[in-house]
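This report refers to the structure that appears directly beneath it.
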Amino acid sequence: MFLANIPLNIDWQQILLHLLNFVILVGGLYLLLYSPIKKFIAKRKEYYKNIDDEAKNNMEKANAKEAEINERLASLEKEIEEKRQQATKEIEEYKKNQIEETNKQTLAMLENAKDRAMKDKEKILADANKEIKQLVTQATKKVVSSSTSDAYKDFLDGAIGSDTDATKQ
């Protein structure tokens, strides 16, 4: 009769049964829904955390490789610059050698041309001397033959004139 004196017609037994039903409902929902969802969320967090860690590790590896590649590029650039300088030196040396060789060839050609010019000059002078000698010889022959024939004529005239003078005496 404890329950009969309750004002507002509240039945405590019904309240306790409702509370028991509520606790069973909450416990069942906890076991059936909340716990699996919480486990799923925890697994998902772990999965994404692993993916994030893996991405960070991959990023660190990529950064390390990038640094290594940059070092290699820097060393390659230095090596290329050294090779370029060496090639430039070789080209300059080759160019210098070619210029010297060309100068030697030019001097040899000039000497050869001078020798040929001197030989040509000597030949021209010899030919000119020959021609002059021939001309002088021809002129002398003409002068002598014209002088000789005049002298011969004078001689003959003189001889003939003397004979006539001698016979006249």
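Computed from the coordinates by the stated procedures, all read-outs in this text should not be read as laboratory data. Just so we're clear, the structure is a prediction, and the values are computed from it rather than from any experiment. No Cβ is skipped: glycine too gets one built from the backbone with ideal geometry, and neighbour counts run over all protein chains shown.
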Taking the condition over 42 Å from the mean Cα position of the chain (by Cα) and at negative phi, does LYS61 pass?
-> no
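Would you call LEU73 in a helix (DSSP H, G or I) and within 29 Å of the chain's Cα centre (by Cα)? It would help to see each step written out before you state the result.
Working: in a helix (DSSP H, G or I): yes; within 29 Å of the chain's Cα centre (by Cα): yes.
When the stated conditions are applied, LEU73 passes them.
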Is there a residue in the range 4-14 that is more than 58 Å from the chain's Cα centre (by Cα), of a type in the set (D, E, K, R) and not in a helix (DSSP H, G or I)?
-> yes
List, please: which pairs have Cβ atoms under 8 Å, are six or more places apart or on different chains, and start with a residue in the range 22-50 that is surrounded by 10 or more Cβ atoms within 10 Å (Cβ to Cβ) and end with one that is among the β-branched types (Val, Ile, Thr)?
-> none
